[in-house]
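Please read the structure below before turning to the comments.
Quick note: the coordinates plus some simple rules give every number you see, no bench work behind them. The model shown is predicted, which means the values in this text are computed figures rather than measured ones. Here Cβ is always computed from backbone atoms with ideal geometry, including for glycine, and neighbour counts include all displayed protein chains.
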Amino acid sequence: MTILDASAAPGQTGPPSSHGPRRDPAPLLPDPEPVRVLGTDAAGEVDPGLLRELYRRLVLGRRFNQQATTLARQGSLAVYPASTGQEACQIAAAMVLRETDWLFPSYRDTLAVTARGVPPMDVLALMRGHTHCGYDPRLARTAPLSTPLATQACHAVGLAHAARLRAAADPAADREVVALALVGDGGTSEGDFHEALTFAGVLRAPVVFLVQNNGYAISVPLSRQTAAPTLAHKAVGYGVTGRLVDGNDAPAVHAVLSEAVEHARAGHGPVLVEAITYRLDAHTSADDATRYRAQGEVDAWRAHDPVTRLERHLRETGQLDDTGVATVTRAAEEFAARMRAQVAQAAQVPAPDPRTLFAHVYAEPTSQLREQAAELAARLEADLDGDLDVRPDSGPNARPDVHPDARGDLAAAEPAAGPGTRSDLS
Amino acid sequence: MSNATSIPPTITTTASALAGATAAGAAAEVAGAEAGAATRPAVPAGALGRPGGRSRGSTGSTGSTGSTRTTMVRALNTALRDALREDPDVHVLGEDVGTLGGVFRVTDGLAAEFGAHRCLDTPLAEAGILGIAVGMAMYGLRPVVEMQFDAFAYPAFEQLASHVAKMRNRTAGRVPLPITIRVPYGGGIGGVEHHSDSSEAYYVHTPGLHVVTPATVADCYGLLRAAIASDDPVVFLEPKRLYWSSEEFTPSAVPPIGRAVTRRHGNAATLITYGPSLPVCLQAADAAAAEGWDLAVVDLRSLVPFDDETVCAAVRATGRAVVVHEAAGFGGVGAEIAARVTERCFHHLAAPVLRVTGFDIPYPPPLLEHHYLPSVDRILDTVARLQWEQ
Ligand SMILES: Cc1ncc(C[n+]2csc(CCOP(=O)(O)OP(=O)(O)O)c2C)c(N)n1
Ligand SMILES: [Mg+2]
């Protein structure tokens, strides 16, 4: 018997009516108020280097969101779901992970994936219409962006469980791997979220769930989504630790997430962190948010913008001046310019060869797929469908084959992501 | 009925009513609805049974060597045991698969032999089970998932259709998911509702999945080994009413997934079938032979990939074909086969391809299921309609 067997074995120890051990819920309960750092005494204790790095990445992250939104409006991306206003969560999620950890993003978490070190063009490949996933999940140790809501939470649990099994069986395997799953507030109503927490609790898997509560699932406000006291309280029913944090307070998110990840890493069980934040932009570039929320509400949240809050703190404590701001702003503009250049370069590259559509359905194509591939190939050769294989020179199908310049500026200065996705951060 | 040892060691076509009631007991154990199932009237001979005649013997194979009579359940168990032994990445998980050994006992003894973590009793959450398997496979493990019954695999359908089937494709081949999903399926066991569905059409209509359904003891072993070894996800449909059928069997060569086999040669017409309907087709062929008609019987074994070559060769040899399956006919696998055969063998056909299937109704209650299931009589009546008068 290993510890793994023990964790899965029935634990009938009490009297006949008790059905196994009961746990005191108190240690699992989130604090009544979200954890804050900015504006509290704790702010003075945060490593100044960390604060500056958070600030730099938040500014670049904001610019990433703006640039991608513009590209979507111009038709270079099929659509873009911005995380504007949620940058503290996105950046912190990437920063707290080790290279050997895994990130399980949802469709909105392009910025977190970029911050993990995946080149922006590869992260946006899904929205550029070129392919479903533009990066190698195993190299980047980042799952594909998941659109079926909350399904990725189960994958994170399974991967964390598997990593522990591997580590126990194979001395050469990565040690202490943690999986971090990103879910939205709406996603917490999905059955897969519930099942993921159930499994995480039972297996005591080294997994952390970060729920970015931005108040809306498309148009539906949280009040229509759940009657739970907070989303962090949902943890308790599964025997999972719940934490509540101000999601627009970058050092607070970083601290709470770091603690959660290390808690899971140390074998103390899974953690669900609810970060209270706000989606300043519409649901996607195709959404009209004025149909379901008032401008006054948006303006009120702008006053709690995670970027300006951190900047204000740094200025007030003498850690940042106009020159510092200008330097970071310039870096962000250069980053955006590179994104634009890469998209322009992508526009010169033909769409992927349609024959590749059949290549990765199975390890070996079935005879039926071979027949269909041959039929399409014959049409292409006869040009029956027009110049399918030399189209297009613009629009979301375009993509460059190589983009050496496209490394993630948002990644950590020191390598934080998988090989091949290193940062060239200045 | 509380454990497998009370299941009679033999089942024959003449004892089919008993075998049916026994299997129903296992179903009822899970459904918590024993009433009626175990005491229902006999189903007609032909609705149950096994391929290869009426011989009988003990089920008692244990090891993975030596030829002896073995039940389908035992062969599946041996396949899992051998896979667990040979590859440390193989992990079995599902509801009641550990301590109990599964409600059909297919995982009997595995947790004891390999540890609870290699044969994991999971929470009762099918989407979670398959979702966890996806994460495990992403990390390089080879999960074998047991879905307790056909109809209880439905909660996992989103994971199956959106992730299991698509992960290789959406990652351009970088993340294969070598997951085997075992599903006991089909009726004829006197089970109460939700215990007798034939759900294969949902799976075959989902590109990215392989769909395999053995009908013999030897294929259960070989194809399950092949499924576990496959780098593609395989939905492995086990015909639960044949679980206690037995055969002389030696674990041996692993057949490739995707090859049909002609179980019986004939020159009059070709029956195309799979899974639980194979024994019925063989019985129909026996009955026809007694009247001087030689029917060929093709056992598909694998629905995806589909073996056009074997099927078309068998149809061209007779010029007439009937597809037989338990699932409802409309939009079913039989429709696809009829279309494929017509497209490829049109000029060899003397009659339209006909189908014998379940009706387009929810699976009936135990007292009525024999009207729904393809029977020897329905098959022979359908063969008789293949325009012989021309
Ligand atoms: C299973 C599923 N149902 C519905 C949708 C359509 N959909 C996409 S995003 C979304 C809202 C998600 O809200 P939330 O989880 O709060 O995340 P957010 O968009 O706020 O980041 C919906 C309903 C989906 N992608 N997946
Ligand atoms: Mg939301």
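Quick notes on this structure:
- The distance between label points at residue A:292 and residue A:334 comes to 4.0 nm (points 7 Å beyond Cα on the Cα→Cβ vector).
- Calculated P(r) tail over 18 Å for the range B:152-234, as whole % of Cα pairs: 48 percent
- Length added when fully stretched, residue A:325-residue A:175, from 0.36 nm per residue minus Cα-Cα: 50.1 nm
- Amide H contacts of residue B:272 (H built 1.01 Å from N, in plane; Pro and chain starts excluded): B:298, B:322, B:323, B:324 sit under 5 Å, all sequence-distant by 5 or more or on other chains.
- Label point distance in nm, residue A:226-residue A:316, each placed 7 Å from Cα along Cα→Cβ: 3.0 nm
- Shape category assigned to the range A:97-192 from the gyration tensor of Cα positions, a/c cut at 1.5: oblate
- If R0 is 35 Å, the Cβ-Cβ spacing of residue B:343 and residue A:359 corresponds to a FRET efficiency of close to 0.90.
- Cα-centre dipole for the range A:237-322 with unit charges at Cβ (Lys and Arg positive, Asp and Glu negative), debye to 20: 280 debye
- Modelled label positions at residue A:167 and residue A:367, each set 7 Å beyond Cα in the direction of Cβ, lie 4.8 nm from each other.
- Placed amide H near residue A:146: partners under 5 Å, 5+ positions off or other chain: A:106, A:107
- Charge dipole of the range A:26-347 (Cα centre as origin; +1 on each Lys and Arg Cβ, -1 on each Asp and Glu Cβ, all else neutral): 660 debye, rounded to the nearest 20.
- Overall form of chain A: oblate. Here a/c, set by the Cα gyration tensor axes a ≥ b ≥ c, is 1.5 or more, and a/b is not larger than b/c.
- Cα-based shape type of the range A:205-276, given that a ≥ b ≥ c are square roots of the gyration tensor eigenvalues and the cut on a/c is 1.5: oblate
- Stretch gain in nm, segment residue B:154-residue B:290, where the contour uses 0.36 nm per residue and the Cα spacing is subtracted: 44.7 nm
- Debye-sum result for the range B:62-134 in log10 I(q)/I(0), which assumes one identical scatterer on each alpha carbon, at q = 0.11, 0.14, 0.18, 0.21 Å⁻¹: -0.27, -0.43, -0.69, -0.90
- Each part reduced to its alpha carbon centroid, the range A:115-165 and the range A:228-242 end up 26 Å apart.
- Based on C-alpha pairs under 8 angstrom that are at least 6 apart in sequence, chain A has a relative contact order of 23 percent.
- Rounded Å value of the spacing that divides the Cα centres of the range B:270-289 and the range A:296-328: 77 Å
- When each of the peptides B:69-79, A:355-365 is scored by how many other beta carbons lie within 10 Å of its residues on average, the order from highest to lowest is B:69-79, A:355-365.
- A full extension of the chain between residue A:218 and residue A:74 corresponds to an added length of 49.6 nm, given 0.36 nm per residue minus the alpha carbon distance.
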